[in-house]
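Report on the following structure.
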Amino acid sequence: MSDQMSRITLARRPEGAPVQDDFKLETGALPEPGKGEVLIEVTHLSLDPYMRGRMDDAKSYAESLEIGDTMTGQGVGRVLKSNADDFAEGDTVTGMTGWASHATLPASVLRKLDGSVPASTALGVLGMPGLTGWVGLHKYGNPKAGETLVVGAATGPVGSMVGQLAKSLGLRTVAIAGGEEKCRIATETFGFDAAIDHHAHDDAKSLRAAIAEAAPDGVDIYWENVAGQLIEAVLPLMNVHGRIPICGMVAWYGGDNIAEENQLPAMWRSILVNRLQVTGFIIFDHWDEFPEFLADVGPKVEAGEISYLEDVAEGLENAPEAFIAMLKGGNMGKQVVKL
Ligand SMILES: NC(=O)c1ccc[n+]([C@@H]2O[C@H](COP(=O)([O-])OP(=O)(O)OC[C@H]3O[C@@H](n4cnc5c(N)ncnc54)[C@H](OP(=O)(O)O)[C@@H]3O)[C@@H](O)[C@H]2O)c1
């Protein structure tokens, strides 16, 4: 066993979209687990859009990273050494390892994986993004058979979960995705009734016309993953008593593409006129529902009733490149890094 580890740190705060020089690959001595701790060799690392927010020094629902900190992230891996009663060498576990080849973590923040499904699913379909789609749709979407749901970033782990659950509940599902290939995956793999390539539309008006065609009865649930041009396109199509669970706004994470101020009044007026229910939510308020989520969705994933797609980058050193690409739509499914 090597006595060295590597990690990716925040080298500087990005201006707009992150670039390679915002990250630094560092090596150091392998840490020793303390009492009640476990040393993990990371095999898969999750890359998620929320990490972009952690790189800024701005008030948010979670603390910012400091320069020099290891990039935040969930990983799965093998236990190399355990000083905790419940974990043994060779166990497969998941926890917040950060972007690192190894991590020592207290046993209390780790979850053991049983091997019934590939371990990497704990980062996507059966992890935080899957839970986000499951909780948010049921709690804030209030889906009803016969209604229409529209979701952006539809082939990602959140959007694909939302689309498949809504479809299974009898809704018409409309995917917004970047490119023809993603649109094909949305309908063929994830069962969306229609898919619209947002790259094929230069402005909100054109995108709106395409959505109106795909959603002839209007939109009852707009699942907000993206914001940007899509929110401008969808809002006027919302039905009375429609719901908008606000999950994320990835088009705005880099600080660009912000809607001009003079468009906001019309948007907010639509919320009033249509008595929309717009609810922001953050998944860490819902961790207590994880066991129920796993009990419901786990068997469906095992049985192939819920599909998932993973985009696997190879090597910790390639995590920044994969992360930068993901924020621009370069990922095909849940972005993970295999170490
Ligand atoms: N509230 C919470 O607790 C919570 C938890 C998890 C995730 N989230 C949010 O959920 C959303 C989806 O997360 P995910 O992990 O499933 O990500 P993801 O879909 O794997 O990756 C992000 C996707 O966003 C899309 N995108 C990026 N820029 C865009 C733009 N300008 N216009 C339209 N689409 C754009 C791209 O898909 P296309 O190429 O298809 O456009 C890209 O692949 C994110 O906003 C994330 O922050 C929130």
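Nothing in this text is a laboratory measurement; each read-out follows from the coordinates by a stated rule. Not measured: the values here are computed from a predicted model. Methodologically, a virtual Cβ is constructed for each residue, glycine included, from the backbone with ideal geometry; neighbour enumeration extends over all protein chains shown.
Segment residue 199..residue 325, full-extension length gain: 43.8 nm, with 0.36 nm per residue of separation and the alpha-carbon distance subtracted.
When each of 99, 287 is scored by the number of other beta-carbon atoms lying within 10 Å, the sequence from fewest to most is 287, 99. Short-range pairs are left out: with C-alpha atoms under 8 Å and at least six residues apart, the relative contact order of the stretch 36-147 is 28 percent.
Given contacts defined as C-alpha pairs under 8 Å and at least six residues apart, what's the relative contact order of the chain, whole-number percent?
On the way: 722 pairs, mean separation 56.2, N = 339.
Dividing the mean separation by the residue count of the chain yields 17 percent.
Comparing Cα centroids, the stretch 182-260 and the stretch 287-307 end up 26 angstrom apart. In a fully extended conformation the segment linking residue 142 and residue 189 would gain 14.5 nm over its present Cα-Cα distance, using 0.36 nm per residue. In straight-distance terms, cross-link reach from residue 139 covers every one of the lysines whose alpha-carbon lies under 19 Å from its own, apart from those fewer than eight places away in the same chain; here that gives 167.
Seen from residue 82, the other residues with C-beta closer than 10 Å to its C-beta sum to a net charge of -4, counting Lys and Arg as +1 and Asp and Glu as -1. In this calculation the C-beta distance from residue 270 to residue 59 is compared with R0 = 41 Å, giving a FRET efficiency of 0.90. Distance between the pseudo-spin-label points of residue 180 and residue 4 (7 Å out from Cα toward the beta carbon): 4.6 nm. By the count of neighbouring beta-carbon atoms within 10 Å, fewest first, 23, 190 end up ordered 23, 190. Seen through its C-alpha gyration tensor, with square-root eigenvalues sorted a ≥ b ≥ c, the chain comes out prolate because a/c lies at 1.5 or above while a/b is bigger than b/c. When the C-alpha to C-alpha distance is required to be over 27 Å, the pairs from 59/205; 59/144; 112/182; 24/334; 59/338; 81/338 that qualify are 59/205; 59/144; 112/182; 59/338.
Would you mind counting up the charge near residue 207? Only other residues with Cβ under 13 Å from its Cβ, with Lys and Arg at +1 and Asp and Glu at -1.
Numbers: positive: 205, 208; negative: 197, 202, 203, 213, 232.
Neighbour charge sum, excluding residue 207 itself: -3.
Note on residue 295/residue 86: beta-carbon distance plugged into 1/(1 + (r/R0)^6) with R0 of 22 Å gives a FRET efficiency of 0.60. With neighbour counts taken as other beta-carbon atoms within 10 Å, the residues 250, 226, 109 rank, fewest first, as 109, 250, 226.
Two decimals is fine: what is log10 I(q)/I(0) at q = 0.16 Å⁻¹ for the stretch 95-230, from a Debye sum with one equal scatterer on every Cα and no solvent? The calculated log intensity ratios at q = 0.16 Å⁻¹ are -0.82.
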